[in-house]
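This report concerns only the one structure given below.
The values are calculated or read from the model by the stated rules, or taken from the named source; none is laboratory data. Keep in mind the model is a prediction, meaning the values are calculated, not measured. Here the Cβ positions follow ideal geometry from the backbone for every residue, glycine too, while neighbour counts run over all protein chains shown. Remember, those area values only see protein heavy atoms, side chains included, never the ligands or the DNA or RNA. Shrake-Rupley method; radii C 1.70, N 1.55, O 1.52, S 1.80 Å.
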Amino acid sequence: LSGCALVEWIGGPAPATKPVLDADLVQRGAALFADPRLSGDGSRSCASCHPGGGEDHKVYRNGESVEPGAPGGLRTPSLRGLWQTAPYLWDGSAATLRAATERMLLVEMRGGALSGRDADALESYLLSLAPFDRGRIQPDGAPVEPVNLTARKGFAVFVEAGCADCHPAPSFARARTSDVGTGGRFSVPTLRGVATRGPWGHDGRWADLESAVRASASGSGVELGSDQ
């Protein structure tokens with residue numbers, strides 16, 4: 001039955017709720033994810049840039065590593081919780097995970113390609129990657145008690161400043177692109193695990209999280225004081 005459910009949405013829009021996955025496909029996909037033979041020249045695997053389904057903290061342009069903030073560079077995104085964060089890619093141009101995977105294989109994986117059961121398997125594995133969660137926030141985004149006063153105040157600022165308009169719980173992402181003053185419209189990324197994901201910004205231009213928060217807020221018309 002899980003296999004039948006899989007057929008209904010594989011290659012289509014991401015489901016609104018956590019998908020039921022075929023365990024055999026997930027296992028097959030995990031092996032493919034770590035296999036450098038998926039790349040056109042055998043030089044890298046999906047796991048090379050996404051260890052553990054996360055990210056390597058690097059910036060790439062056309063599949064080659066560049067310095068953070070370089071024109072045209074795009075930071076490696078985390079793959080965790082993908083079923084919550086469609087559309088995909090920094091420009092939001094891939095409406096489905098299948099389309100995003102095909103593009104990544106072609107460019108970042110230097111001419112790699114998958115089809116049939118292998119394509120289903122890799123997609124199933126990617127959808128199995130759990131969202132980042134330390135168990136410190138409630139479904140509505142509020143911090144779980146006991147929590148320090150600063151974090152509690154920070155959540156209030158997050159709501160009052162309108163951050164939740166673009167980063168609503170529980171995914172802390174929104175299916176649209178936005179311009180926060182960085183030279184174009186880019187996908188609204190999830191904030192889950194954001195403290196571990198530097199450098200920040202679509203092109204890694206901000207070396208620390210405070211700079212990213214200040215600049216993104218200012219680009220959205222919100223000025224934050226030091227305490228905020």
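What a 1.4 Å probe finds exposed on the stretch 43-103 is 51% carbon and sulfur by accessible area, rounded to a whole percent.
Given the chain, what whole percent of its Cα pairs are spread farther than 28 Å?
Percent of Cα pairs beyond 28 Å in the chain: 32.
Here the stretch 132-225 exposes an accessible surface that is 56 percent carbon and sulfur, computed with a 1.4 Å probe and the other protein chains kept in place.
Under a 1.4 angstrom probe, counting protein chains only, how are T190, T17, T196 ranked by accessible area, largest first? The partial results should precede the final answer.
Numbers: T190 25, T17 95, T196 55 Å².
Final ranking, largest accessible area leading: T17, T196, T190.
For Q138, the amide hydrogen comes within under 5 Å of the amide hydrogens of V144, counting only partners 5 or more places away or on other chains and with H modelled in the peptide plane. In this structure the stretch 82-228 gives 52 Å² per residue of accessible area when probed at 1.4 Å with all protein chains present.
Backbone phi angles across the stretch 185-200, fed through the Karplus curve with coefficients 6.51, -1.76 and 1.60 (θ = phi - 60°), yield HN-Hα couplings of 9, 9, 4, 6, x, 5, 9, 5, x, 4, 5, 9, 10, x, x, 9 Hz in residue order; Gly and Pro are listed as x. Divided by 2.2 N^0.38 Å, where N counts the residues, the Cα radius of gyration of the stretch 61-127 comes to 1.15. Evaluate the relative contact order of the stretch 44-149 (contact order divided by residue number), counting alpha-carbon pairs under 8 angstrom at least 6 apart; express in whole percent. Across the stretch 44-149, relative contact order equals 22 percent. Take every pair of alpha-carbon atoms less than 8 Å apart whose residues are at least six positions apart; their mean separation over the length of the chain yields a relative contact order of 21 percent. Charge dipole of the stretch 53-208 (Cα centre as origin; +1 on each Lys and Arg Cβ, -1 on each Asp and Glu Cβ, all else neutral): 140 debye, rounded to the nearest 20.
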